[in-house]
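Where a number appears in this text, it was derived from the coordinates with a stated rule and is not lab data. Note that the structure is predicted; figures quoted are calculated from it, not measured. Note that we place each Cβ from the backbone using ideal geometry, even for glycine, and neighbour counts take in every protein chain shown.
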């Protein structure tokens with residue numbers, strides 16, 4: 001079973017208007033939370049901080065990470081796989097700019113969803129959760 005599960009950490013980043021940041025990786029169509037896989041021995045927050053620097057060039061604000069839960073759902077870009085995602089709300093510092101594998105970023109209102117292809121984790125778990133925060 002475990003070989004069909006991708007374990008990741010994901011960030012819920014909001015702006016002052018309450019919009020949620022979504023990213024789309026190069027060569028894919030689904031928008032999702034920024035984040036990624038942990039390196040060996042890396043904590044969730046350390047992995048998230050590293051991924052955000054790599055993907056978006058911003059830093060997690062010290063002490064801002066708040067665990068929102070662990071969610072399981074279909075992987076957006078790997079057919080037949082599930083993701084096991086530890087999701088954290090974080091505040092970030094610095095300019096947010098798509099880097100490395102990120103092709104596009106969008107800010108969405110979780111209460112008025114855009115007509116965009118959304119990853120199952122984002123659609124089914126993170127955006128509904130963002131409506132309650």
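Some notes on this structure:
- Residue match in the range 108-116 (condition: assigned to a strand (DSSP E or B), under 18 Å from residue 17 (Cβ atoms) and touching a helix residue (DSSP H, G or I) at 6+ places or on another chain (Cβ under 8 Å)): yes
- Conditions (1) surrounded by 14 or more Cβ atoms within 10 Å (Cβ to Cβ); (2) over 13 Å from the mean Cα position of the chain (by Cα); number of the one not met by residue 72: (1)
- Scope the range 77-95; condition in contact with a strand residue (DSSP E or B) (Cβ under 6 Å, 6 or more places away or on another chain) and under 18 Å from residue 37 (Cβ atoms); matching residues: 81, 82, 83, 84, 85, 86, 87, 88, 90
- Checked against (1) surrounded by 13 or more Cβ atoms within 10 Å (Cβ to Cβ); (2) more than 24 Å from residue 5 (Cβ to Cβ); (3) in contact with a strand residue (DSSP E or B) (Cβ under 8 Å, 6 or more places away or on another chain), residue 35 passes all but condition (2).
- Restricted to strands (runs of 3 or more DSSP E) entirely inside the range 1-91, those with at least 2 residues that are over 22 Å from residue 113 (Cα atoms), touching a helix residue (DSSP H, G or I) at 6+ places or on another chain (Cβ under 7 Å) and in contact (Cβ under 8 Å) with a residue 24 or more places away in the chain are 82-89.
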